[in-house]
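Peer 1: Below is a structure I'd like to ask you about.
Each value in this text was obtained by applying a stated rule to the coordinates, not by laboratory testing. As the structure is a prediction and not an experimental result, all values here were calculated from the model. Quick reminder, even Gly has a Cβ in these numbers, built from the backbone with ideal geometry, and neighbours come from all protein chains shown.
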Amino acid sequence: MLTIHNLSKNFGSFTALKDINLEFTNGVYGLLAPNGAGKTTLMKIITTLLYPSGGEVLYEGQDIFKRGEDYRELLGYLPQEFGYYKNYSPMQYLLYIAALKGLEGKVAKERAIELLKLVGLENVMNKKMKKFSGGMIQRVGIAQAMLNNPKILILDEPTAGLDPKERVRFRNLLTDLSREKIVILSTHIVSDVESIANEIIMIKDKEILYKDSMRNICNLIEGMVYETEVAFDEVSSFKQQYQSLSEKQEQGKMKIRFISKDDIPASTWKPVSPSLEDVFLNIYNDEILEGDNQ
Amino acid sequence: MSIKVHEFKKVVTSTVIIGMILLFIAFNLFLVFDHHYIRNELTVLNKMVDELGYEINDEMLENFQDLYRDELKKMNEITNDKTSKTYGDVGTFFEEVRNDYDLYNVYTHKELDHMNQIMIMEIYLDFIKDMDHEYASFDLLEFAETEISLYGLQGSAAETARSNYEKLGDRLNQLLDNGEHKNMFFIGQIYGMHSLLFKDIFRVVSFEIMILVVLITAYIMNYEFENKTPLMVYSTRRGRNIIWDKLLVAMGSGVIATTLILGITLIAYFCLFSYKGLWTVPISNYFNWEDVFPLISWWDMSFIQYLICSIVLTYICGILFTMITFILSIFTKNSYISFFAFGILFGLILLIPDIMPRSNNLIFLSGFTPFHLVLNPQIWFTGRGIFTIFKYYEITIVGVWGLLLFIGGKLSAKRFIKEDIH
Amino acid sequence: MKIVLNEIKKIFELKMIAIMLLINFILYFLFTSFHINHFPNGRPELDHYNIHLEMLENYGRDMDEEEFAHFKEVYENEVERANQYLQEDELAREEGISTYEAFRSIGSDRLGSYIMFEERVDLFWELQARESLIDDYETTDLFIERLYEKSNEQQRQRIDEVVHEDRLSSIFPNLVFNNYTDYIGEVCLAIFLSIMFMLSPIYLRDGKNNMNDLQYTSKIGRNLFKKKALGAIIATFIIITLELGVYFLIYTKNNTGMFLNSKIISIFHKRIFWYNLTFIQYIVLTLVGIYVMGFVIALMVSLISSLAPNYIATIAIQIPLVFFTLVVFIPYLIKYIALVNLPKYSRGISYLGLVIVSLILMGIRWRREKLMDIA
């Protein structure tokens, strides 16, 4: 069990995280927050790259920074932008990382081949990575994170750069692999989280807002999401009144999906069941969705 | 314009490059001030030139001798006073004093200082006395033969060398007819001021500038690849043509660095050593004859003209090195490798003359490079060494290399523009 | 160990090795080869060399008074042969020169240049060399006296010791020593530049390449920093050993093997050292110096590599280091490592100081790395 206790992190005078308390048991956790909310900072602390300014992170009751090597041995990490040597082949690269992870030579080789097959790169495993596409590189990255069969797998935007087919493959892979481990992944792509994560963690204003199952989180706005059709000239006044979630043109009118906290819905409103995306848009409504991930 | 400003900022905000410039300037100041001890003796010449003019002719010589005799008389009055001795020349006086500490103590510092100044006048007179004889007994063609056998030149190469030295001989005769040699200057055989300025200082400065422009050019040319921005930058409207902006900015930065380093160094030099009254002295004067070979400039140049030409050539060499690095960077795409590639190119070019056949004129061709140029700034625009004696040596190098590098740069850029960028 | 091996593999990238070889090639042919191709360097150096060989054969490693008397006898005999030569030579007869003494007193005129430079008569060249050696031997006191004047108390003690123990009679030519020190100086430069070139990217390459995130979250974690430093030291050892191997193989061409066991303190060498070393011992001492200095440079370069923001910065910061190596380290701490010109223990202290300082600096850097946020 991975426990985060009163964690905070400052960069100089800037506070990136404040009083974070979390508990992870085996399962897949989706970290959902707009850019700049502190997702990457949290992940970098869990991976020991950043030191907390306050609080602690415990694995099986022991401080991860004190455990050091013992802890990192159980760790798999795919950074958002990860480095690789252009002149290495995926095989060479995986063997190099395997050495850093302390895998035995023979075991490492078998494992590397196994993983390269799993991510569908077995045909190019001895080609230099110089000419690989973004998706191929990303798959190498996923493979390297799995090398040591980690107990804690941290994936920062793992599906970035993958095409829909690859993304499906990745989801299945993760479901397979996620038994008996803690998987924490961050993504912008809400549908990814929806399909894989057992629990969703939402960060707002440097603090944890929700940590719950998807169903429970969606329930937060149950009965408040509607769809309706609005004439074009009324759209702007309508949007001032209600928070719009999505809009599309349909047969000369605007079809709007929106949130209303009014008790009595209008008769033209069609209630729909809320999705995670609806919750996301509702929660981060007032935030400026800009900025870096740092 | 603003693209260039942004590129220029990359250079200016690099503390390393600024630090290097400061370090080099500090080193040069040290180099200049290391010679400060000759300063006092040099000012004697300034005073003499002030009174007598620098041109050595009969009238001047007469005045000079009068002046010297006056001074000697004054000195003898002092010595007579103190030790009841008189001397025929200052040399004898100093020989006595040097061997006799008690005698030395008789005179005050000021007196000895003054006598030392008269001594310098005496040395000048001695030098002038020997001048005509020195030139008359100097055999340029014999020197040529020694050089030819030293380097083992044969056949057409030896012929070329001989004809070059003959041409230099013509120029020497012309120089003597003009009386360019008959001018006062710091005594080269004692102070070596020409070597100090043009060999020691200009060479060091040239190398510093070379290191700097290579670093700056390699830095700015490979900036995008090393900051992972090539995809973005090279797909903009200006696109890959931005390398031309980069080249211009590298050149501009090189020129600024040159101005700073050379400027401050020369200002320090001329503040320490006064050239008052000597700026217009012909460079090919007798006193610049420092060792076995007189200084023979191909043209009748004054010191200041020679200095300006050297400064201009230093700037141009910096620009040529910028262009070389520009081309290397296009191929290496890595500032580290570019720097060493430049060093290796430098070394290889210096090695080429060694492997050339000694009987073919190609051996001279292999010496026509800017790398050879910066090795010997003290012989720029003059005839001396067998491989650099050509009258238009410097101009040819600048012209041919400038043209070749321009074409090479164009072709490399063309290649770069058609290249795949990953 | 496997991790260190991986780091060493990354240091010895093929492209880098090729460039390193080119650098060595160029430095060799521009500078170093001179001391191989021109040894002994013309005359009378060649004659000095030959006569030393003769002395070695006749008298063994030392030359005592008796042997010196014999040496002078040989000289007289040679003079006699020179006299005969002059009496038979036409030009000499023309000039009215019939004895070697007369030949010597006329200095460099037509006859002199004819015999020495046109005919290149070995006998006359060798006589000149013998004279200078006899002169060296006979003016021992003067040499000591001059040296004494320029020396301080500690140095004088050592000079007294050398004189007292009669250590000046070794047969060891100064040209062999000068040739070796000149050669090893150039070799040092090549080796140190190779180390700098190969090691500069060691931390920078991965830093610029975003590799740290992955490396530092693996089992080895930030300890990789130390492994890299160890890799740098091992790579340095490999570079030094291989280059020294090649350069000493080349050096054997100079044929100085017979002097290896000669004591280097000698009146013919005219240098006093702190220890009574043989030539081979001195060579070993310089080699130890090269290894230690190489490790110090490796640590400094690693430090620079871990701090510099880009390659240009590593080069720029190393330019003063190269200058310092060239002007201070190589001459004072390697070429003339045991010469009395510096206080007895100054070199040892310098080496110790350099090693300690570079280790401390790397230690500080490591402690910072250990606690640093990897943003």
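Peer 1: What FRET efficiency would be calculated for the residue pair C:E118, C:T139, taking the C-beta separation as r and a Förster radius of 25 Å, to the nearest 0.05? Walk me through the numbers on the way to the answer.
Peer 2: Values: r = 32 Å, r/R0 = 1.29.
After rounding, the FRET efficiency stands at 0.20.
Peer 1: Kindly state, to the nearest 0.05, the FRET efficiency for C:Q281 paired with B:R203, given R0 = 30 Å and r defined as their beta-carbon distance.
Peer 2: On the way: r = 40 Å, r/R0 = 1.32.
Computed FRET efficiency for C:Q281 and B:R203: 0.15.
Peer 1: Now, a different point. Taking the Cβ-Cβ separation of A:K253 and A:N87 as r and a Förster radius of 56 Å, what is the calculated FRET efficiency to the nearest 0.05?
Peer 2: Working: r = 58 Å, r/R0 = 1.03.
Here the calculated transfer efficiency is 0.45.
Peer 1: Pull up all non-local amide H partners of A:I184: gap of 5 or more, or a different chain, and H-to-H distance under 5 Å with H placed in the peptide plane.
Peer 2: A:Y29, A:L153, A:I154, A:L155
Peer 1: In peptide C:28-38, how many Cβ atoms from other protein chains are near each Cβ within 10 Å, on average? Numbers along the way, then the final one.
Peer 2: Numbers: counts 0, 6, 6, 1, 0, 1, 0, 0, 0, 0, 0.
Going residue by residue through C:28-38 and averaging, the value is 1.
Peer 1: Looking at chain C as a GNM with Cα springs under 10 Å, which of C:F177, C:F143, C:F29 has the largest mean-square fluctuation?
Peer 2: Answer for the Gaussian network model of chain C: C:F29.
Peer 1: Using DSSP to call loops (not H, G, I, E or B), can you name the GluC sites (Glu not before Pro) in segment A:150-200 whose Cβ has at most 12 other Cβ atoms within 10 angstrom?
Peer 2: For GluC sites (Glu not before Pro) across segment A:150-200 that sit outside H, G, I, E and B with at most 12 neighbouring Cβ atoms in 10 Å, the list reads A:E180.
Peer 1: Across segment B:56-136, how many lysine pairs, 8 or more positions apart or on different chains, have C-alpha atoms separated by under 15 Å? Please give the number.
Peer 2: 6
Peer 1: Pairs A:K106/A:K165; B:K9/C:K208; B:K228/C:K228; A:K128/B:K333; C:K10/C:K344; B:K47/C:K150: which are spaced more than 30 Å apart, C-alpha to C-alpha? Write down the numbers at each step before the final one.
Peer 2: Details: A:K106/A:K165 32 Å; B:K9/C:K208 21 Å; B:K228/C:K228 25 Å; A:K128/B:K333 19 Å; C:K10/C:K344 42 Å; B:K47/C:K150 39 Å.
Where the Cα-Cα span goes over 30 Å, the pairs concerned are A:K106/A:K165; C:K10/C:K344; B:K47/C:K150.
Peer 1: Roughly what angle does helix A:164-177 make with the longest principal axis of chain A, taking Cα atoms, 0 to 90 degrees, to the nearest 10?
Peer 2: 60
Peer 1: Between the helical axis of B:393-418 and the dominant principal axis of chain B, each derived from Cα atoms, what acute angle in degrees is found, rounded to the nearest 10?
Peer 2: 20
Peer 1: Ranked highest first by the average count of other Cβ atoms within 10 Å around their residues, in what order do A:87-93, C:341-347 fall?
Peer 2: A:87-93, C:341-347
Peer 1: Could you list the residues of segment B:352-366 with an amide nitrogen less than 20 Å from a label point located 7 Å from the Cα of C:H38 in the Cα-to-C-beta direction?
Peer 2: B:352-358
Peer 1: Restricting attention to segment B:326-422, which chymotrypsin sites (Phe, Trp or Tyr not before Pro) occupy a DSSP loop and are surrounded by at most 14 other Cβ atoms within 10 Å? Write out the running numbers ahead of the final one.
Peer 2: Working: sites: B:F326, B:F331, B:Y336, B:F339, B:F340, B:F342, B:F346, B:F364, B:F368, B:F371, B:W380, B:F381, B:F387, B:F390, B:Y392, B:Y393, B:W401, B:F406, B:F416; in loops: B:F368, B:W380, B:F381, B:F387, B:F390, B:Y392.
Answer in residue order: B:Y392.
Peer 1: A further question on this structure: Quote the charge dipole size of segment A:13-83 about the Cα centre in Debye, to the nearest 20; the model charges only the Cβ of Lys and Arg (+1) and of Asp and Glu (-1).
Peer 2: Working: 6 positive and 9 negative charges, 51 e Å.
Using only the charged Cβ atoms, the result is roughly 240 debye.
Peer 1: So, one more: Ignore the peptide's own chain and count Cβ atoms of other chains within 10 Å of each Cβ in A:35-44; give me the average, rounded.
Peer 2: If you average over the peptide's residues, the count of other-chain Cβ atoms is 1.
Peer 1: Now a separate question. Starting from the 7 Å offset along Cα-to-Cβ, what nm value, one decimal, do you get for the label separation of B:I78 and A:K128?
Peer 2: Each label point is offset 7 Å from its Cα along the Cβ direction, giving 7.9 nm.
Peer 1: How would the protein assembly as shown be classified by its alpha-carbon gyration tensor: rounded, prolate or oblate, with rounded meaning a/c under 1.5 and the a/b versus b/c comparison settling the rest?
Peer 2: It is prolate, given that a/c is not under 1.5 and a/b is the larger ratio.
Peer 1: Let me confirm one metric for peptide B:154-166, namely the mean number of other chain beta-carbon atoms within 10 Å of its residues' beta-carbons.
Peer 2: So the per-residue partner count for this stretch is 0.
Peer 1: Rounded to the nearest 20 debye, what is the charge dipole size of the protein assembly as shown about its Cα centre when +1 sits on each Lys and Arg Cβ and -1 on each Asp and Glu Cβ?
Peer 2: 7540
Peer 1: Using the basic label-point model (7 angstrom from Cα toward the beta carbon), what is the B:V233 to C:E76 distance in nanometres?
Peer 2: In this crude label model, B:V233 to C:E76 measures out at 8.4 nm.
Peer 1: Normalising by the residue count of chain C, find the relative contact order in percent from Cα pairs under 8 Å and 6+ residues apart.
Peer 2: After rounding, I find 23 percent.
Peer 1: Specify the residue with the greatest mean-square fluctuation among B:L262, B:L411, B:L196, computed from a Gaussian network of chain B linking alpha-carbon atoms under 10 Å apart.
Peer 2: Per the Cα network of chain B with a 10 Å cutoff, B:L411 tops the list.
Peer 1: Let me ask something additional. So if each residue of separation counts as 0.36 nm, and I subtract the Cα-Cα distance between A:K181 and A:E69, what length gain in nm does that give?
Peer 2: The span from A:K181 to A:E69 would gain 38.5 nm if fully extended.
Peer 1: What residues qualify as long-range amide H neighbours of A:G55, i.e. H under 5 Å apart, gap of 5 or more or another chain, H built at 1.01 Å from N?
Peer 2: Amide H to amide H, under 5 Å and 5 or more residues apart or across chains, A:G55 pairs with A:S8.
Peer 1: Which of B:N105, B:Y124, B:V90 sits farthest toward the positive end of the charge dipole of segment B:56-136, with +1 on the Cβ of Lys and Arg and -1 on the Cβ of Asp and Glu?
Peer 2: Value computed over the given set: B:N105.
Peer 1: Would you work out which of A:V235, C:Q84, C:S218 lies farthest towards the positive end of the dipole of the protein assembly as shown? Charges go on Cβ: Lys and Arg +1, Asp and Glu -1.
Peer 2: Highest projection toward the positive end goes to A:V235.
Peer 1: Roughly speaking, what is the centre-to-centre gap between segment A:94-171 and segment B:300-350 when only Cα atoms are used, to the nearest Å?
Peer 2: Each part reduced to its Cα centre gives a spacing of 47 Å.
Peer 1: If you don't mind, another one. Compute a Gaussian network model of chain C, connecting alpha carbons closer than 10 Å, and tell me which residue from C:I195, C:I51, C:I220 fluctuates the most.
Peer 2: Between C:I195, C:I51, C:I220, it is C:I220 that shows the largest mean-square fluctuation.
Peer 1: Right, next: Working from Cα positions, state the angle (0 to 90°, nearest 10) between the long axis of helix C:14-27 and the longest principal axis of chain C.
Peer 2: Here the helix axis deviates by roughly 20 degrees.
Peer 1: Still on this structure, please answer the following. Under 14 Å from a point placed 7 Å out from the Cα of C:T99 along the Cα-to-Cβ direction: which residues of segment C:127-146 have their backbone N that close?
Peer 2: Inside the label zone: nothing.
Peer 1: Report the net charge of residues surrounding B:M251, where surrounding means a beta-carbon distance below 14 angstrom and charges are Lys +1, Arg +1, Asp -1, Glu -1.
Peer 2: Around B:M251, the charge tally is 0.
Peer 1: Quick one: order B:V292, A:V230, C:V74 by neighbouring beta-carbon count within 10 Å, fewest to most.
Peer 2: B:V292, C:V74, A:V230
Peer 1: From the square roots a ≥ b ≥ c of the eigenvalues of the alpha-carbon gyration tensor of segment A:1-125, which class results: rounded (a/c under 1.5), prolate (a/b over b/c), or oblate?
Peer 2: The shape class here is prolate.
Peer 1: So, in Å, what gap is there between the alpha-carbon centers of segment B:1-37 and segment A:1-66?
Peer 2: If we compute the Cα centre of each part, the gap is 45 Å.
Peer 1: In nanometres, what is the gap between the two model label sites at B:H6 and A:R169, each 7 Å from Cα along Cα-to-Cβ?
Peer 2: 3.8
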